[in-house]
Amino acid sequence: MFKKPTLTTTLIIIVGFLTLCPVIMLLLGSFSQDFVSFGQFTTVKYVEAYTDPDFADILWNTVIFTGGSALVATLLALFLAYVNTRTDLPFKFIFKVIAIVPMMIPHILFSVSWVLLLNPSNGTLNRLFMDLFGLTDALFDIYTLPGMILVEGLLDLPIAYLIIAPAMSAFDVSLEESSKVCGASNLRTLMRVTLPVLRPAILASAILVIVRSLASFAVPSVIGMPGRIYVLSTHIYRNIATGFAADFGKAAAIGMSALAASITLIYVYRYLTSESGKFVTISSRGFKPTLIKLKNAKYPMFLIVGFLSFILILLPVLVLFYTSMLPYSMVPSAKAFSMMSWDNWIEVLKDPISLLSLKNSLFLGVVGATIGTTLSIFVSYVIVKVRSTASGILESLSFLSFSFPGIVIGVGFMWFFVRTPIYGTLTALLIGYIATYLPYGIRPISSAFVQIHSHLEESSRVCGAGPFYTMRRIVIPLLIPGIVSGWILMASMFLRELTLSVVLSRPGTEVLAVQILHFAEDGLWGPLSALGIIMIFISSALVILAAVLGSKLTKMEVVK
Amino acid sequence: MEIRIKGLTRNYYSEGKQIKALDNVDLTIPANKIFTLLGPSGCGKTTLLRCIVGLETPDAGEIYIGDDLVWSSEKNIFVPPENRGLGMVFQTYAIWPHMNVFDNVAYPLQTSKTPKDIIRQQVAKALNFVQLDGFESRPATKLSGGQQQRVALARALVAEPKVILFDEPLSNLDAKLREETRKELRSFLTELKITAIYVTHDRIEALALSDLIAVMRAGKIIEIGDPKKIYFNSDHKFVADFIGRANLIKGKVEKLEGEHAIFASEIGSILALNSQRIPVGQDAMLCVRPEFIRLTSEHKDQGQNIFRGLMETLIFIGEAYEGEIRIGDTLLTTTIEPTENIVEGDDISIAFDPDHCFLLSA
């Protein structure tokens, strides 16, 4: 009881360092000429960055890209959520799959699979259509803004769905029923009642997708850069990745505007989500909404939903696996199947850099998630159980990094790490990862903490157990489900981490996603696909392992 | 073990306002008695209990458990709950859902590193005591409410504490089970020879279980006494009103007669208990409980404490009639035997037993 204040202070220092250090270093860095002259105030980098004649174009591209992705993801999510909660569509379990499984496919691999399908020179789908209809030109060009928007929109669909679906099912149906009693048709009710009431959730989803696509690096780098379409994240990358001319000052100056935009949007988002609580009325009477009968539209509608889940989940894996077996890309045919071999796999498994990146990513995933989860346990404890002004500060601090675009934070950390001996080590990546993804660990664990009634802890204290014994015997075992899901989330994030790593990764500290990006830049699709499948396999294995371990641990206490 | 509390104060701040949960409380809880803290919600009874256990820190004052000073704001002493050697049953029972019955009960012994075979014996003994023999390997989630309550009791008793505390332990049970458990708890506690502190807002629970009752209001202890004293002859109007249904009649003390006094009231002169020795001429309040207003065939002038009234309302509730009798401007609530042969509107005679109506200072 008397130790809590010191625990809170320690955590504020740790989390404060993790979240504020990169921001402060980014700010200081943006006012510096270069790493050597750090601290000598100059605005030259801002002038350089914002008077660049290309900058207006980049900004415009960014607006279109983020706005378009938000539109695609939110509309699709609305459609899916409505169909799920309000119609008698068969096989509804498919919605759970759509909401969760795509998160297991790393964004860079998803982007690559669409390049493999729709690139203008040898995209499999393009070639298929050319052969089928005798066209001379490719039908689709993925290397365009609409191509980027489509892929990013699909990538962000699960997150939009997870925001909109609960709001849709918490909706008080009597609002709709009274509209119908007033003589309005289904469509009119939808437009005049349902959608307006859901507006906060819809806006929240759109804003969150904008924030995520602003931070997105996979789609802009794999799809945008070959088509010479630059957005803020790739523009920053261009400034630091071009060998000798790397300009971290200018990157920081550009990054500041991305960071400011992102933080502002997250504040609007948090405001909206707190508002939506007032707006959406949850009926306590437990009414089940009457399902709209789809009748003849049932199976066409199911085809649409089925097709969506196919392109979200199966298609990327299939395309990657298919490509990994072929020496060069070709349309599926008897000839293609006869040429299949494991050559790409063997090449990747013999490639020292690929192996090193595999090892590094595994290390970062397992060790990083373990450290990150441990930190999250303490932070969640203070946030949920201590409830003081200091714990309020800790809460705001720990959720701040949720709004940080990875690449910008990477630049900020770079300004810090070059001044320390850990520059270019795995430790640097580890710190960066934990700082950026801390909210992903805190969220499931703190909601598990909320479930634990304070009497359960207090009775342990009265029974003669000290605070740490209570933590070990009572709190941690009850938290295990939350801890496991926090660990899985962090580990799978770390295993696929790209945006922070492209900045912080140096020779010797290559990671999987960066290695895949390099393969993509060199057009080595075969080895890329092989490594990609390995990546998906490992992260799925981790998820399953952690889930099994979690249920074992919870059971053990009961059986013992 | 005796518990002594001196000048205990605890303030809460909510929305800028200061709320006194405990207002300079002085209290001695005698050893080996069942001591109940009774009061309406928000009166500070639970806060007082939690301060004794050490789950809450008071702002000022001292707490002794036996001869040990466990809290003193002045001497800056705070013994954490785990070192106070108490047992407690929580309102929610706080049975740990991830453990079985054995581990839940064994926990207090495990924390003190007791040898395993002794733990097994002690747990078996505790479970036998609460009549849950053979439940050791039952998962905690597979227990009924009443069973959880007994596991919580076994856990509180297993380390043989000198003091056991209860925070409204019956309030989560349904009415029938509550009655049974109350009886059991009473027999458990009398058998044990242990100091028990019991918090409740339920007056029947307090009356049925306690050796001593302390009635609290707004952070203060108003009155302490055994159940009969509190019920039949409390010193405070609030206590008399809170502990059971009461008719309060205004008037003046007219003449002292030993333990009793003649009381001039709105309905006439009444002979009543006057244990507070309220002097002649002073305004006072007469308290008479509905069940002690007796129908009588005697006539008004045939004896003392007999009045005529009108049966204004009469409601049959099964075990009795609940009625209201009008005497002039005064309306008295009463309970009448269900076999009585009366109807609304009847003129009736009622009698008050001088030993069962008592005077309170107004």
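The values are calculated or read from the model by the stated rules, or taken from the named source; none is laboratory data. No experiment lies behind these values; they were computed from the predicted model shown. FYI the Cβ positions are ideal-geometry reconstructions off the backbone, even for glycines, and counts take in every protein chain you see. Accessible surface is based on the protein model in full, side chains and every heavy atom, while ligands, DNA and RNA are left aside. Shrake-Rupley method; radii C 1.70, N 1.55, O 1.52, S 1.80 Å.
Mind listing whichever residues of the stretch B:121-149 are more than 33 Å from the chain's Cα centre (by Cα) and within 14 Å of chain A (Cβ to nearest Cβ)?
Scanning the stretch B:121-149 gives B:Glu136, B:Ser137, B:Arg138, B:Pro139.
Quick test for you: out of B:Ala264, B:Ala351, B:Ala272, pick the one residue that is touching a strand residue (DSSP E or B) at 6+ places or on another chain (Cβ under 8 Å), part of a strand (DSSP E or B) and under 21 Å from B:Lys229 (Cα atoms).
On the way: B:Ala264 fails: under 21 Å from B:Lys229 (Cα atoms); B:Ala351 fails: under 21 Å from B:Lys229 (Cα atoms).
On inspection, the qualifying residue turns out to be B:Ala272.
Only one residue in B:Pro97, B:Pro108 is part of a loop (DSSP other than H, G, I, E, B), of a type outside the set (Asp, Glu) and either open to solvent by 10 Å² or more (accessible area, probe 1.4 Å) or at the interface with chain A (Cβ under 7 Å from one of its Cβ atoms) (or both). Which one?
The unique qualifying residue is B:Pro97.
Filter the stretch A:402-421 for residues that are open to solvent by 30 Å² or more (accessible area, probe 1.4 Å) and at pLDDT 90 or above; which is farthest from the other protein chains (Cβ to nearest Cβ)?
Applying the filter and picking the extreme gives A:Pro421.
So which of A:Ser540, A:Ser492, A:Ser551 ends up being open to solvent by 20 Å² or more (accessible area, probe 1.4 Å), within 13 Å of chain B (Cβ to nearest Cβ), under 27 Å from the mean Cα position of the chain (by Cα) and not basic (Lys, Arg)?
The unique qualifying residue is A:Ser551.
Here is a list of conditions, (1) within 22 Å of A:Gly466 (Cβ to Cβ); (2) away from chain A (no Cβ under 13 Å), and B:Glu184 meets all of them except one; can you say which number that is?
Going through the list (1) within 22 Å of A:Gly466 (Cβ to Cβ); (2) away from chain A (no Cβ under 13 Å), B:Glu184 breaks only (1).
Only one of (1) part of a strand (DSSP E or B); (2) surrounded by 12 or more Cβ atoms within 10 Å (Cβ to Cβ); (3) of a type in the set (A, V, I, L, M) is not met by B:Ile315, so which one is it?
(2)
What number of residues within the stretch A:461-480 are open to solvent by less than 20 Å² (accessible area, probe 1.4 Å), at the interface with chain B (Cβ under 7 Å from one of its Cβ atoms) and in contact (Cβ under 8 Å) with a residue 24 or more places away in the chain?
Number satisfying all stated conditions: 1.
Quick one: B:Arg155 ticks every box in (1) within 9 Å of chain A (Cβ to nearest Cβ); (2) out of contact with any helix residue (DSSP H, G or I) (no Cβ under 9 Å at 6 or more places or on another chain); (3) closer than 19 Å to B:Leu192 by Cβ except a single one, so which number is it?
(2)
Looking at A:Val386, A:Val366, which is the one that is of a type in the set (Val, Ile, Thr) and either under 19 Å from A:Ile480 (Cα atoms) or touching a strand residue (DSSP E or B) at 6+ places or on another chain (Cβ under 7 Å) (or both)?
Only one candidate qualifies: A:Val366.
Inspect all residues belonging to the stretch B:68-85 and state whether any of them is basic (Lys, Arg) and more than 28 Å from the chain's Cα centre (by Cα). If you could, list the steps in order and put the result at the bottom.
First, pick out the residues of the stretch B:68-85 that are basic (Lys, Arg): B:75, B:84.
Narrowing further to those that are more than 28 Å from the chain's Cα centre (by Cα): B:75.
Checked the stretch B:68-85: at least one residue is basic (Lys, Arg) and more than 28 Å from the chain's Cα centre (by Cα).
Among the residues of the stretch B:53-78, how many are open to solvent by 20 Å² or more (accessible area, probe 1.4 Å), within 11 Å of chain A (Cβ to nearest Cβ) and assigned to a loop (DSSP other than H, G, I, E, B)?
If we filter the stretch B:53-78 for residues that are open to solvent by 20 Å² or more (accessible area, probe 1.4 Å), which is where we start, we get B:56-57, B:59-60, B:62, B:64, B:67-69, B:71, B:73-78.
From what's left, within 11 Å of chain A (Cβ to nearest Cβ): B:56-57, B:76, B:78.
Next, from what is left, pick out any that are assigned to a loop (DSSP other than H, G, I, E, B): B:56-57, B:76.
Final tally of qualifying residues: 3.
Report those helices (runs of 4 or more DSSP H) wholly inside the stretch A:2-111 carrying at least 3 residues which are surrounded by 21 or more Cβ atoms within 10 Å (Cβ to Cβ) and not hydroxyl-bearing (Ser, Thr, Tyr). Write out each step before concluding.
Details: elements: A:4-30, A:44-51, A:55-86, A:93-100.
The helices (runs of 4 or more DSSP H) meeting that bar are A:4-30, A:55-86.
Could you list, in sequence order, all residues of the stretch B:79-94 that are at the interface with chain A (Cβ under 10 Å from one of its Cβ atoms), farther than 24 Å from B:Thr200 by Cα and in a loop (DSSP other than H, G, I, E, B)?
B:Pro80
Within the stretch A:424-438, identify whether any single residue is in contact (Cβ under 8 Å) with a residue 40 or more places away in the chain, open to solvent by 20 Å² or more (accessible area, probe 1.4 Å), outside any helix (DSSP H, G or I) and away from chain B (no Cβ under 14 Å), and answer yes or no. Spell out the reasoning first.
Initial filter on the stretch A:424-438 (in contact (Cβ under 8 Å) with a residue 40 or more places away in the chain): A:424-426, A:428-438.
In the following step, the residues that additionally are open to solvent by 20 Å² or more (accessible area, probe 1.4 Å) were identified as A:424-426, A:430-431, A:437.
Now drop any that are not outside any helix (DSSP H, G or I), which leaves A:424-425.
Okay, now just the ones that are also away from chain B (no Cβ under 14 Å), so A:424-425.
Yes, the stretch A:424-438 contains at least one residue that is in contact (Cβ under 8 Å) with a residue 40 or more places away in the chain, open to solvent by 20 Å² or more (accessible area, probe 1.4 Å), outside any helix (DSSP H, G or I) and away from chain B (no Cβ under 14 Å).
Given the criteria exposed (fewer than 14 other Cβ atoms within 10 Å of the Cβ) and either at pLDDT 90 or above or over 30 Å from B:Phe188 (Cα atoms) (or both), does B:Ser14 qualify?
Taking the combined requirement at face value, the residue satisfies it.
I'm trying to understand the selection: among the residues of the stretch A:211-232, which are among the hydroxyl-bearing types (Ser, Thr, Tyr) and surrounded by fewer than 24 Cβ atoms within 10 Å (Cβ to Cβ)? Give the derivation first.
Filtering the stretch A:211-232 for residues among the hydroxyl-bearing types (Ser, Thr, Tyr) gives A:213, A:216, A:221, A:230.
Of everything in the stretch A:211-232, just one residue is among the hydroxyl-bearing types (Ser, Thr, Tyr) and surrounded by fewer than 24 Cβ atoms within 10 Å (Cβ to Cβ), namely A:Tyr230.
Among the residues of the stretch B:37-44, is there at least one that is in a strand (DSSP E or B), more than 12 Å from every other protein chain (Cβ to nearest Cβ), on the phi < 0 side of the Ramachandran plot and in contact (Cβ under 8 Å) with a residue 40 or more places away in the chain?
yes
Looking at B:Thr296, is it of a type in the set (Ser, Thr, Tyr) and open to solvent by less than 30 Å² (accessible area, probe 1.4 Å)?
yes
Is it true that some residue in the stretch A:472-488 is farther than 22 Å from A:Val386 by Cβ, in contact with a Gly (Cβ under 6 Å, 6 or more places away or on another chain) and at pLDDT below 90?
Yes, the stretch A:472-488 contains at least one residue that is farther than 22 Å from A:Val386 by Cβ, in contact with a Gly (Cβ under 6 Å, 6 or more places away or on another chain) and at pLDDT below 90.
Based on this model, can you work out whether B:Leu286 counts as open to solvent by less than 20 Å² (accessible area, probe 1.4 Å), in a strand (DSSP E or B) and modelled with pLDDT of 85 or more?
Yes: the conditions hold for B:Leu286.
Among A:Phe110, A:Phe171, which is the only one that is at pLDDT 80 or above and of a type outside the set (Gly, Ala, Ser)? Spell out how you get there, then give the answer.
On the way: A:Phe171 fails: at pLDDT 80 or above.
Checking each option against the conditions leaves just A:Phe110.
Counting just the residues of the stretch A:445-460 that are open to solvent by 30 Å² or more (accessible area, probe 1.4 Å) and assigned to a helix (DSSP H, G or I), which one comes out farthest from the other protein chains (Cβ to nearest Cβ)?
The extreme case among them is A:Ser447.
List the number of the failed condition for A:Phe399; all other conditions in (1) over 25 Å from A:Arg212 (Cα atoms); (2) touching a helix residue (DSSP H, G or I) at 6+ places or on another chain (Cβ under 6 Å); (3) surrounded by fewer than 21 Cβ atoms within 10 Å (Cβ to Cβ) hold.
Looking at each condition in turn, A:Phe399 falls short on (1).
Out of A:Phe307, A:Phe302, A:Phe321, A:Phe337, report the one residue that is at pLDDT 80 or above, more than 28 Å from the chain's Cα centre (by Cα), open to solvent by 40 Å² or more (accessible area, probe 1.4 Å) and not assigned by TED's automatic domain parsing to the domain that holds A:Ile538.
Numbers: A:Phe307 fails: more than 28 Å from the chain's Cα centre (by Cα); A:Phe302 fails: more than 28 Å from the chain's Cα centre (by Cα); A:Phe321 fails: more than 28 Å from the chain's Cα centre (by Cα).
That would be A:Phe337, the only listed residue that is at pLDDT 80 or above, more than 28 Å from the chain's Cα centre (by Cα), open to solvent by 40 Å² or more (accessible area, probe 1.4 Å) and not assigned by TED's automatic domain parsing to the domain that holds A:Ile538.
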